[in-house]
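**Student:** Could you have a look at this structure, given as structure tokens, before my questions?
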Amino acid sequence: MVQPLSHRANQLVKVAHFIDTPRLGGAERVLEDVVDACVRAGHDVTVFAPQPWLLERIAAAIPDVAVVATGSDEYATAPDAVRRARALAAQLPCIVRALRRRSPDVLHVHNGGYPGSDLCRIGVLAARMAGVPRRLLTVYAAPRNRGESYATLQTIVDHAVWWEIGRAHV
């Protein structure tokens with residue numbers, strides 16, 4: 001059983017944040033505020049993202065944070081659903097390896113919308129595979145149509161993601 005973080009008050013908490021975003025917006029600004037608060041509270045904080053521009057921005061604003069380029073956002077421009085799924089599946093082991101290297105106590109995934117980033121949804125599952133004991137998913141916008149998608153597959157992925165989030169809380 002995972003020991004609650006409250007029992008570890010005198011120990012450093014390793015907090016990881018994961019985001020995948022095409023542009024700077026509200027979720028990215030909230031991420032900066034949350035990361036800054038975590039660092040100021042004395043936590044060991046790492047931000048994972050596939051976008052170098054975002055990692056550079058966060059590192060410049062918050063000097064004591066570690067930033068790790070993780071995965072690729074190329075899936076977003078795949079010409080069809082099959083290639084998109086393949087590109088996303090290829091990112092899973094990359095994210096798992098990156099999380100294992102840092103071994104955080106908690107992973108906070110910041111998803112700018114819903115469904116938002118498929119890579120963020122994969123990040124939740126990767127955290128489970130990497131052995132991250134606590135996983136948190138924040139969705140920053142109202143639901144919207146997924147466009148080109150397979151409804152049954154999306155439903156299965158949604159259930160897997162929310163099940164992982166639910167079972168991670170102690």
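The values are calculated or read from the model by the stated rules, or taken from the named source; none is laboratory data. This is a predicted model, so every value here is computed, not measured. Note that each Cβ is placed from the backbone with ideal geometry, even for glycine, and that neighbours are counted across all protein chains shown. For accessibility, only protein heavy atoms count, side chains too; no ligands or nucleic acids. Shrake-Rupley method; radii C 1.70, N 1.55, O 1.52, S 1.80 Å.
**Student:** Which pairs do you get when a residue that is in contact (Cβ under 8 Å) with a residue 12 or more places away in the chain and open to solvent by less than 40 Å² (accessible area, probe 1.4 Å), found in the range 32-52, comes within reach of a residue that is acidic (Asp, Glu) and not in a helix (DSSP H, G or I), reach meaning Cβ atoms under 6 angstrom, with the pair 6+ apart or on two chains?
**Tutor:** What qualifies is Val39/Asp64; Pro50/Asp20; Pro50/Asp73.
**Student:** Working only within the range 3-14, note down all residues that are modelled with pLDDT under 90, open to solvent by 50 Å² or more (accessible area, probe 1.4 Å) and of a type outside the set (Gly, Ala, Ser).
**Tutor:** Within the range 3-14, Gln3, Leu5, His7, Asn10, Gln11, Leu12 qualify.
**Student:** Let me ask something additional. Can you tell me which residue within the range 15-31, out of those that are open to solvent by 30 Å² or more (accessible area, probe 1.4 Å) and touching a residue at least 24 places away in the same chain (Cβ under 8 Å), is farthest from Pro63 (Cα to Cα)?
**Tutor:** Per the stated criteria, the residue is Pro22.
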